[in-house]
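J.: First the structure, which I've put down as structure tokens, then a few questions once you've had a look.
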Amino acid sequence: MNSATPFQVAPFYCLQQLVYHTNSQCPQAKSILHTQHRVGMGGKVACLSCRHLNRRKPLKKSRPGQRLNQLVSS
Ligand SMILES: [Zn+2]
């Protein structure tokens, strides 16, 4: 299973909000009271903040100079 970020979680929502959340670091998600927490999407749209947070890729070390040595033998 590939999780984009450690904070990405299963969809949850709050009855008082128009969106569902998928990231535990979302400010709006954090404001949800425990008693109003609902699991699922609730027929709502995805929270943009969560989508943004989830899209933030983990630090990946990519070296531009690193290449596979291709042995080209004719
Ligand atoms: Zn959110």
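J.: So if I check each of Arg67, Arg55, which one is more than 9 Å from the ligand (Cβ to nearest atom), charged (D, E, K, R) and either within 9 Å of the chain's Cα centre (by Cα) or at pLDDT 95 or above (or both)?
T.: Selected residue: Arg55, the only one of Arg67, Arg55 that is more than 9 Å from the ligand (Cβ to nearest atom), charged (D, E, K, R) and either within 9 Å of the chain's Cα centre (by Cα) or at pLDDT 95 or above (or both).
J.: On the basis of being under 19 Å from Arg55 (Cα atoms) and assigned to a loop (DSSP other than H, G, I, E, B), does Pro6 make the cut?
T.: yes
J.: Count, please, the residues in the range 9-43 that happen to be within 14 Å of the ligand (Cβ to nearest atom) and part of a strand (DSSP E or B).
T.: Qualifying residue count, the range 9-43: 13.
The values are calculated or read from the model by the stated rules, or taken from the named source; none is laboratory data. A quick note: this is a predicted structure, and the numbers were derived from the prediction, not measured. Don't worry about glycine lacking a Cβ; one is built from the backbone with ideal geometry, like all the others, and counts go over all protein chains shown.
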